[in-house]
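What follows is a single structure, written as structure tokens, with notes after it.
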Amino acid sequence: AVNRKFHPEDSVIQAGPAAIGGGHFALIAGPCSVETEEQITYVAQQVKKAGAAFLRGGAFKPRTSPYDFQGLGEEGIRLLLEAKKATGLPIVTELMDIRNLPLFEQVDVIQVGARNTQNFDMLKELGKTDKPILLKRGLAGTIKELLMSAEYIMASGNEKVILCERGIRTYESTYTRNTLDLSVVPVLKGLTHLPVVVDPSHATGHAHLVEPMAMAAAAAGADGIMIEVHNDPPHALCDGAQSLTPEQFAHTAGKIFRIREAM
Ligand code: PEP
Ligand code: MN
């Protein structure tokens, strides 16, 4: 169960060489979408050098328009596994259709995106696996709804759930893509033993807002921060405007680690 009453200690979720929760802090970084082998391997090497513990990258992409880049699919997973082999970084990637689960056998952490937070049948199936699940808050999801979605996974037998705040839909959408709800970090830490990650990239939608919000998330007690990093943001096939360059990411990561040390 998600409730801290039944599990007073923080859960630590292990994925390959990395751990998150219970004092283990992790940066998860990488492009919105896997585009080419050179791209994903290069970004993986760069974020690893900057201190990231996980490589992220979308292969199956939940795009608003069906005419936008939909991700490389199975080939994207293969390229992520190449980048994992090259760097040793465990990988995080999104599953949108439970029928693709067999393709995720060597994926370290399965992401459930904001559009599938309440896809209850998918959550039940993921509960039958032993994979860590990064569960994002729904587009306009309440805290209770997020916790109940985690409960679906856990009730089916899988206790390895990482919660992720990625901003929620409010009346603002011009200057920020979503509204980052940072109060969710201490609220969730009180209610549950599960690790809490913040994604300032999707929460803000703008690269210049990522560093300040990442620092605030670290200061608020997040167990991890997920940041989109692209080798060439202006030409990214998805979410370039919110993507940091590897150099910017290294700078931001340094600041985040200094905040962690000061806590
Ligand atoms: C993503 O992480 O690439 C993504 C699509 O995120 P979200 O589900 O939070 O929109
Ligand atoms: Mn994205």
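FYI, it's all coordinate maths here, none of it is from the lab. Small disclaimer: the values here were computed from a predicted structure and weren't measured. Glycine gets a Cβ as well: all are built from the backbone with ideal geometry, and neighbour counts include every protein chain shown.
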Let me know the shape class of the chain, please: from the alpha-carbon gyration tensor, a ≥ b ≥ c as square roots of the eigenvalues, rounded when a/c is under 1.5, otherwise prolate if a/b is greater than b/c, or oblate. rounded
Derived scalar couplings ³J(HN,Hα) [the range 79-89; Karplus, 6.51 cos²θ - 1.76 cosθ + 1.60; whole Hz; x for Gly, Pro]: 5, 4, 5, 5, 5, 5, 5, 5, 10, x, 6
For a test of the definition: using alpha carbon positions, the gyration tensor, and the 1.5 limit on a/c, classify the range 59-158 as rounded, prolate or oblate. oblate
Please give the charge dipole size of the chain, origin at the Cα centre, charges +1 on K and R Cβ atoms and -1 on D and E Cβ atoms. Round to the nearest 20 debye. 520 debye
Bin width 10 Å, alpha-carbon pairs only: give the P(r) of the range 120-263 as whole percents, running from 0 to the bin holding the largest distance. 12, 38, 34, 16, 0
Taking Cα centroids, how far is the range 43-119 from the range 185-249 in Å? 16 Å
Can you give me the relative contact order of the chain as a percent, contacts being Cα pairs under 8 Å and 6 or more apart? 21 percent
Qualifying GluC sites (Glu not before Pro) for the range 1-63 [loop in DSSP, other Cβ within 10 Å: at most 13]: GLU9
In terms of modelled amide H atoms, which long-range or inter-chain residues lie less than 5 Å from the amide H of ILE162? ILE133, LEU134, LEU135
Please state the relative contact order of the range 78-171 as a whole percent: Cα pairs under 8 Å, 6+ residues apart? 24 percent
Over the chain: helical MRE at 222 nm, DSSP H runs n ≥ 4 each giving -39500 (n - 2.57), nearest 500: -10500 deg cm²/dmol
Using the Karplus curve 6.51 cos²θ - 1.76 cosθ + 1.60 with θ = phi - 60°, work out ³J(HN,Hα) for each residue of the range 25-32 in order, rounded to whole Hz, and write x for Gly and Pro. 9, 9, 9, 10, 9, x, x, 4
With 18 Å as the cut-off, how large is the P(r) tail for the range 1-60, expressed as percent of Cα-Cα pairs? 48 percent
Please identify the chymotrypsin sites (Phe, Trp or Tyr not before Pro) of the range 154-252 that satisfy two criteria: DSSP loop assignment and at most 14 other Cβ atoms within 10 Å. Which are they? TYR171, TYR175
At a Cα cut-off below 13 Å, give the aspartates and glutamates reachable from LYS49, other chains included and same-chain residues fewer than 8 away excluded. GLU247
Peptide ranges 192-199, 59-66 listed from the most packed, as the mean C-beta count within 10 angstrom indicates: 192-199, 59-66
Do any cysteines of the chain lack a neighbour Cys whose Cβ is under 4.7 Å away, and which are they? CYS164
So between THR36 and ASN100, what do we pick up on full extension, going 0.36 nm a residue minus the alpha carbon distance? 21.0 nm
Aspartates and glutamates whose Cα lies under 16 Å from that of LYS5, excluding same-chain neighbours fewer than 8 positions away: GLU151, GLU159
For LYS85, list the aspartates and glutamates whose Cα falls under 13 Å from its own Cα; do not include residues on the same chain fewer than 8 positions away. GLU37, ASP108
Here the range 161-239 gives, from Cα atoms, an Rg and Dmax in Å of 12.9, 41
What are the trypsin sites (Lys or Arg not before Pro) within the range 140-235 that DSSP puts in a loop, where the Cβ has at most 16 other Cβ atoms within 10 Å? ARG169
